[in-house]
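What follows is a set of notes on a single structure, which appears directly below.
Quick note: the coordinates plus some simple rules give every number you see, no bench work behind them. As the structure is a prediction and not an experimental result, all values here were calculated from the model. Cβ placement follows ideal geometry from the backbone for every residue including glycine, while neighbour counts extend to all protein chains displayed.
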Amino acid sequence: MLTSPTEINPTNLPKILILGATGPTARQIVRQAVARGYDVTALVRSPEKAADLVGARIVVGDARDEEALCQAVKGRDTVISALGTPASPFREVTLLSTATRALVDAMKAEGVKRLVAITGIAAGDSAGHGGFLFDNLIFPLLLRKVYADKDRQESIIRNSELAWTIVRPSILNNKPGGKPVRALTSFDTFHGGSISREDVATFVLDQCDTDKWLHETPLISW
């Protein structure tokens, strides 16, 4: 059972670490977390790209480096992994699984239990539900190797013994948020959809102080 925020943090506001913080979705997470008054740390490889992450404590390091992760995780209540990787039609992808394995070890070493990780539609049992264009063109031509690594990433998380939630957004867009969000774990009637990065960030941050989706893999979409 996830420890309540009151037990974790006397101010009742989570202390979070965000990985992949310079990515477009993670920037929304940082912005919203700061606006909520959360204590935010962001692990980044390039401090220049993090110059606009106002209100977040910046830790420079590689997400695959367990030592850097241990330093960044120390004193946090929750880790949000928004790690991403470019499309890779030909080369194998290992960054996501390598970083996640190091993160799990760092979290265990520092006694941090709560992990919320973003993967995506087509990971695990959501494969084949991205809609005709995504499933038949984008996925096989551009993202097959990326999602092979997302599957490995999800497996590491599932077997981690952490208090995890894996969030699988549908096709991301940059439209304004605020629309009703569906969270699904059964995809029988779902065949494609989209969601704004802003609404993904809101859903992910909401998981910092609830265990509603503990050990679940909700697919979220408008």
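Below is a table of values for the structure above.
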quantity	calculated
Criterion (of a type in the set (Lys, Arg) and out of contact with any helix residue (DSSP H, G or I) (no Cβ under 8 Å at 6 or more places or on another chain)) met by exactly one of Arg152, Arg158	Arg158
In region 71-109, the residues that are surrounded by fewer than 18 Cβ atoms within 10 Å (Cβ to Cβ) and closer than 13 Å to Thr41 by Cβ	Gln71, Lys74, Gly75
Qualifying residue in region 136-150 (condition: within 16 Å of the chain's Cα centre (by Cα) and without any contact (Cβ under 8 Å) to a residue 60 or more places away in the chain)	yes
Residues located in region 43-67, provided they are touching a Gly at 6+ places or on another chain (Cβ under 9 Å) and in a strand (DSSP E or B)	Leu43, Val44
Subset of region 179-222 [more than 15 Å from the chain's Cα centre (by Cα) and of a type in the set (Lys, Arg)]	Lys179, Arg182, Lys212
Region 68-89, subset among the hydrophobic types (A, V, I, L, M, F, W, C) and not in a loop (DSSP other than H, G, I, E, B), residue nearest to Arg31 (Cα to Cα)	Ile80
Subset of region 76-93 [under 16 Å from Leu19 (Cβ atoms) and out of contact with any Leu (no Cβ under 6 Å at 6 or more places or on another chain)]	Asp77, Thr78, Ile80, Ala82, Gly84
Long-range neighbours under 7 Å by Cβ, at least six apart or interchain, first residue in contact (Cβ under 8 Å) with a residue 12 or more places away in the chain within region 101-123, second surrounded by fewer than 21 Cβ atoms within 10 Å (Cβ to Cβ) and among the basic types (Lys, Arg)	Ala102/Arg64; Glu110/Lys74
